[in-house]
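Read the structure below first, then the notes.
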Amino acid sequence: MIRINNQDEYQHYYTQALNEPNEFWSEVASSFTWRKPWTSVSTGDFENLDIKWFNGAELNITENCLDRHLKTQPHKTAIIFEPNNPDSATRTFTYKELHTEVCRAANMLKQQNVKKGDVVCFYMSMIPELLIGVLACARIGAVHSVVFGGFSSKALSDRINDCKAKVLITNDSGFRGTKEVLLKNICDKALETSPSISTVIIKKHSGSPVNLKSNRDFWWDELTNKITSSDCLPEVMQAEDPLFILYTSGSTGKPKGLLHTTAGYMVFAQYSFENVFQMKSDNDIFWCTADIGWITGHSYITYGPLLAGVTQVMFEGVPNWPDAGRFWQTIDKHKVTHFYTAPTAIRALEACDINLVKKQNLSSLKVLGSVGEPINVEAWDWYNKNVGHKNCPIVDTWWQTETGGIMISPLAGITNTIPCFAMSPLPGVQLKLMDAQGQVVEENGVEGNLVITAPWPSIARTIYGDHNRYKDVYFSDYKGTYFTGDGAKRDDNGFYRIIGRVDDVMNVSGHRIGTAEVEDALNQHPQVVESAVVGYPHNIKGQGIYAYIICLNKCEGEALKTELLDTVTQQIGAFAKPDKIQVVSGLPKTRSGKIMRRILRKVANNDTSDLGDTSTLLNPEIVEEVMKRNTL
Ligand code: WTA
């Protein structure tokens with residue numbers, strides 16, 4: 001492993017990774033447990049897209065997350081589970097205990113006939129068995145596909161069908177604050193249209209009643225109780241064997257199943273985790289508040305911290321229940337030193353009673369992190385002052401589902417930060433900014449589209465089942481480079497600030513949602529003829545969703561609104577519900593029939609002073625109507 005300790009080392013390694021990438025990555029990878037070493041560090045490029053890292057190597061990622069720590073720190077706490085209800089008991093797992101649980105679950109999956117390469121889908125609350133189940137898959141070489149528990153049955157079914165998952169693991173129901181989510185019921189509905197699933201395994205969690213379908217549904221506890229062996233030999237995996245599929249939204253079409261493979265992802269997860277967060281003491285405690293249903297929960301709950309052998313908190317609940325001091329109480333309760341959350345949570349909590357944060361001690365904190373969306377100056381200052389007491393470096397980490405790990409970030413305590421800047425790429429990450437003409441912008445003090453010019457170990461290798469789409473979405477805008485979809489500013493000193501998406505992807509409360517997905521959902525409503533969805537700045541959520549719809553008949557206000565919101569909840573999930581809906585008689589379109597989204601964005605943004613050139617519109621008269629902004 002390479003651990004960067006100061007700015008000089010950062011410069012040194014940045015240069016080494018650029019000029020001698022093989023030497024650099026060999027050294028990073030040297031500390032892992034390999035069953036067989038690699039024959040080549042890296043092959044493939046962004047032209048041929050046959051990218052391989054550590055090819056020829058054999059390994060199992062769980063051996064690196066668990067077994068290797070058993071020799072040195074078997075009794076160190078791996079997971080402190082903080083349940084939804086603060087009065088319920090905390091559960092902890094040492095590395096040894098976690099190893100045992102993962103092995104038992106792995107043996108249970110084997111008994112259910114899950115084989116290397118099979119896809120296992122998870123639709124669960126943030127409870128330890130989710131993490132255990134995911135690692136159990138990796139133990140036996142099954143590919144996990146975790147679907148966030150806020151998705152609807154339709155969205156779950158679509159994802160299962162896309163990757164043809166064989167087994168579905170869920171729990172009876174889960175609590176988010178006071179709200180009960182009937183996960184197993186939602187699974188039952190999804191499975192009406194998902195024939196590939198032959199087995200459902202249910203972890204009893206809330207105790208709420210569920211329907212069991214015979215020969216298909218089994219209780220997790222009953223199955224694992226039958227397992228006598230608490231050891232399971234790790235399946236020997238090839239470096240490029242698939243590790244997981246994770247669905248994310250793009251600007252067009254259905255969600256993409258990004259496929260991550262084993263060795264490169266593993267190496268980058270630990271490398272980025274250790275260097276960004278700089279956990280130094282054995283007593284340091286990490287807490288990432290993300291859900292395992294998103295990439296942050298994959299790389300910085302499930303894998304990164306365990307690979308690094310640290311202690312972490314896993315949280316089932318929500319930030320605002322029993323009150324909006326829950327995060328701060330939990331930090332004190334478990335003496336969290338490294339806290340990683342999303343700007344949307346910071347903004348929401350900033351809007352609450354300041355005494356909720358003031359009355360907590362928070363003196364354990366050493367490092368704060370931010371992820372998932374651009375952080376605004378007010379939120380950054382508030383986080384710095386009220387949570388970090390101006391003593392904790394803030395790492396604003398930029399990355400994506402596709403990148404597998406953090407790409408641009410300060411290194412905690414090493415990089416001098418500028419508020420809201422992700423600062424510099426990690427050594428091994430090569431960035432450029434492109435202008436509208438597709439030319440590289442070399443100078444500083446500019447804005448441009450952010451591209452990555454060379455492969456890194458944890459880049460997603462493909463979109464599951466659609467390699468052409470992978471090529472097209474990421475590598476066709478700027479030939480030979482990976483286009484991130486984000487715009488960024490490079491200041492006069494070469495430091496980066498991420499501006500946000502430049503495509504039709506929205507970032508709503510840190511959730512990545514495609515405008516096309518919401519449009520598709522709205523179009524399912526029988527009254528909707530056509531819809532156009534754009535993001536607009538929202539105080540708490542970062543972006544809100546503004547939907548313009550054309551209706552078949554004269555529309556009723558509140559009733560229609562409720563129905564439309566229900567439709568989106570059913571098609572995608574409640575988190576994708578539009579904040580504003582405006583019924584219009586037409587949408588501004590060019591003569592070639594393309595919706596002029598620029599106008600819709602400006603109107604949604606309430607910034608109609610300069611709508612730009614509208615002379616190419618087929619129906620310019622519609623602009624005036626749109627501008628009225630009379631939402632339902
Ligand atoms: C955005 C989340 C600004 C960005 C890890 C990216 C950010 C998208 C930051 C990926 C950040 C992520 N500052 N924007 N620090 N981190 N983003 O795939 O627009 O859910 O393209 O991965 O989130 O979202 P995803």
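The values are calculated or read from the model by the stated rules, or taken from the named source; none is laboratory data. Keep in mind that this is a model prediction, so the values were computed, not measured. In this analysis, Cβ positions are derived from the backbone assuming ideal geometry, glycine residues included, and neighbour counts consider all displayed protein chains.
If I filter the stretch 25-68 down to residues being part of a helix (DSSP H, G or I) and of a type in the set (Asp, Glu), which single residue comes out as nearest to the chain's Cα centre (by Cα)? Lay out the reasoning, then the answer.
Restricting attention to the stretch 25-68, the residues satisfying the condition of being part of a helix (DSSP H, G or I) are 25-29, 61-68.
Now restrict to residues that are of a type in the set (Asp, Glu): 27, 63, 67.
Values: 27: 28, 63: 24, 67: 26 Å.
Selected residue: 63.
Scanning the stretch 4-24 for residues that are within 29 Å of the chain's Cα centre (by Cα), farther than 10 Å from residue 414 by Cα and surrounded by 14 or more Cβ atoms within 10 Å (Cβ to Cβ) returns 13, 14, 17, 18, 21, 24.
Could you tell me whether the stretch 50-67 includes any residue that is surrounded by fewer than 13 Cβ atoms within 10 Å (Cβ to Cβ) and either in contact with a helix residue (DSSP H, G or I) (Cβ under 7 Å, 6 or more places away or on another chain) or at pLDDT 95 or above (or both)?
Narrowing the stretch 50-67 to residues surrounded by fewer than 13 Cβ atoms within 10 Å (Cβ to Cβ): 50.
Checking the rest, the ones that are also either in contact with a helix residue (DSSP H, G or I) (Cβ under 7 Å, 6 or more places away or on another chain) or at pLDDT 95 or above (or both) come to 50.
So far as the stretch 50-67 goes, yes, one or more of its residues are surrounded by fewer than 13 Cβ atoms within 10 Å (Cβ to Cβ) and either in contact with a helix residue (DSSP H, G or I) (Cβ under 7 Å, 6 or more places away or on another chain) or at pLDDT 95 or above (or both).
Kindly indicate whether residue 508 is closer than 17 Å to residue 546 by Cα, within 12 Å of the ligand (Cβ to nearest atom) and crowded, with 22+ Cβ neighbours inside 10 Å. Yes, satisfied. With respect to residue 379, is the statement that it is farther than 29 Å from residue 476 by Cβ, in contact with a Phe, Trp or Tyr (Cβ under 9 Å, 6 or more places away or on another chain) and of a type in the set (A, V, I, L, M, F, W, C) true? Answer is no for this residue.
Does residue 538 satisfy being within 16 Å of the ligand (Cβ to nearest atom), in contact with a strand residue (DSSP E or B) (Cβ under 6 Å, 6 or more places away or on another chain) and not hydroxyl-bearing (Ser, Thr, Tyr)?
Values: within 16 Å of the ligand (Cβ to nearest atom): yes; in contact with a strand residue (DSSP E or B) (Cβ under 6 Å, 6 or more places away or on another chain): yes; not hydroxyl-bearing (Ser, Thr, Tyr): yes.
Yes, satisfied.
Just to be sure, is residue 290 within 29 Å of residue 206 (Cα to Cα) and either at pLDDT 95 or above or among the hydroxyl-bearing types (Ser, Thr, Tyr) (or both)? Taking the combined requirement at face value, the residue satisfies it.
Within the stretch 292-307, which residues are within 11 Å of the ligand (Cβ to nearest atom) and touching a helix residue (DSSP H, G or I) at 6+ places or on another chain (Cβ under 7 Å)? Before you say what the answer is, go through the steps one by one.
Restricting attention to the stretch 292-307, the residues satisfying the condition of being within 11 Å of the ligand (Cβ to nearest atom) are 293-300.
Answer for the stretch 292-307, where residues must be within 11 Å of the ligand (Cβ to nearest atom) and touching a helix residue (DSSP H, G or I) at 6+ places or on another chain (Cβ under 7 Å): 299, 300.
Taken as a whole, the condition of being small (Gly, Ala, Ser) and either touching a Phe, Trp or Tyr at 6+ places or on another chain (Cβ under 6 Å) or modelled with pLDDT under 95 (or both) does not apply to residue 531.
Answer yes or no as to whether residue 537 is in a strand (DSSP E or B) and not hydroxyl-bearing (Ser, Thr, Tyr). Full working, then the answer.
Details: in a strand (DSSP E or B): yes; not hydroxyl-bearing (Ser, Thr, Tyr): yes.
It is true that residue 537 is in a strand (DSSP E or B) and not hydroxyl-bearing (Ser, Thr, Tyr).
Scan the stretch 494-503 and tell me whether some residue there is under 24 Å from residue 430 (Cβ atoms), of a type in the set (Ser, Thr, Tyr) and surrounded by fewer than 20 Cβ atoms within 10 Å (Cβ to Cβ). No, the conditions are met nowhere in the stretch 494-503.
Quick check, is residue 122 touching a Cys at 6+ places or on another chain (Cβ under 9 Å) and crowded, with 22+ Cβ neighbours inside 10 Å? Step through it out loud before you land on a result.
On the way: touching a Cys at 6+ places or on another chain (Cβ under 9 Å): yes; crowded, with 22+ Cβ neighbours inside 10 Å: yes.
So residue 122 passes the test.
Which of the residues belonging to the stretch 112-136 are part of a helix (DSSP H, G or I) and either at pLDDT below 95 or in contact with a helix residue (DSSP H, G or I) (Cβ under 7 Å, 6 or more places away or on another chain) (or both)? Across the stretch 112-136, the qualifying residues are 129, 131, 132, 133, 134, 135, 136. Can you tell me which residue within the stretch 350-372, out of those that are more than 25 Å from residue 413 (Cα to Cα) and not small (Gly, Ala, Ser), is surrounded by the most Cβ atoms within 10 Å (Cβ to Cβ)? That would be 356.
With the stretch 205-313 as the region, which helices (runs of 4 or more DSSP H) entirely inside it contain at least 2 residues that are surrounded by 22 or more Cβ atoms within 10 Å (Cβ to Cβ)?
Numbers: elements: 220-225, 262-277, 304-308.
Filter on the stretch 205-313 gives 262-277, 304-308.
For the stretch 469-488, which residues satisfy the criterion of being within 23 Å of the chain's Cα centre (by Cα) and either within 14 Å of the ligand (Cβ to nearest atom) or free of Cβ contacts under 8 Å to residues at least 40 places away in the same chain (or both)?
So in the stretch 469-488, the residues within 23 Å of the chain's Cα centre (by Cα) come out as 469-475, 481-488.
Within the stretch 469-488, 472, 473, 474, 482, 483, 484, 485, 486, 487, 488 qualify.
Select from the stretch 542-571 the residues that are buried (at least 23 other Cβ atoms within 10 Å of the Cβ) and not hydroxyl-bearing (Ser, Thr, Tyr) and list them in ascending order. Show your work before the answer.
Taking the stretch 542-571 and keeping what is buried (at least 23 other Cβ atoms within 10 Å of the Cβ), we get 542-543, 545-549, 564, 568.
Matches in the stretch 542-571: 542, 543, 545, 547, 549, 564, 568.
Can you pull out every residue in the stretch 542-560 that is farther than 16 Å from residue 530 by Cβ and assigned to a strand (DSSP E or B)?
Let us first name the residues in the stretch 542-560 that are farther than 16 Å from residue 530 by Cβ, namely 542-545, 554, 556-559.
542, 543, 544, 545, listed by residue number.
Just one of the listed residues (350, 402) is acidic (Asp, Glu) and in contact (Cβ under 8 Å) with a residue 40 or more places away in the chain, namely 402.
The residue that is farthest from the ligand (Cβ to nearest atom), counting only those in the stretch 384-414 that are in contact with a helix residue (DSSP H, G or I) (Cβ under 8 Å, 6 or more places away or on another chain) and not in a loop (DSSP other than H, G, I, E, B), is 386. Of the residues making up the stretch 415-442, just one is more than 16 Å from the ligand (Cβ to nearest atom) and farther than 18 Å from residue 481 by Cα, namely 416. Among the criteria (1) in contact with a strand residue (DSSP E or B) (Cβ under 6 Å, 6 or more places away or on another chain); (2) assigned to a helix (DSSP H, G or I); (3) not acidic (Asp, Glu), the one residue 79 does not fulfil is (2). Looking at the stretch 395-405, can you tell me whether even one residue there is farther than 30 Å from residue 158 by Cβ and of a type outside the set (S, T, N, Q)? The answer is yes, given that some residue of the stretch 395-405 is farther than 30 Å from residue 158 by Cβ and of a type outside the set (S, T, N, Q).
I'd like to know if the stretch 365-372 contains one or more residues that are within 24 Å of residue 298 (Cα to Cα), in contact with a Phe, Trp or Tyr (Cβ under 7 Å, 6 or more places away or on another chain), in a loop (DSSP other than H, G, I, E, B) and away from the ligand (no atom under 16 Å from the Cβ). Checking the stretch 365-372: at least one residue is within 24 Å of residue 298 (Cα to Cα), in contact with a Phe, Trp or Tyr (Cβ under 7 Å, 6 or more places away or on another chain), in a loop (DSSP other than H, G, I, E, B) and away from the ligand (no atom under 16 Å from the Cβ).
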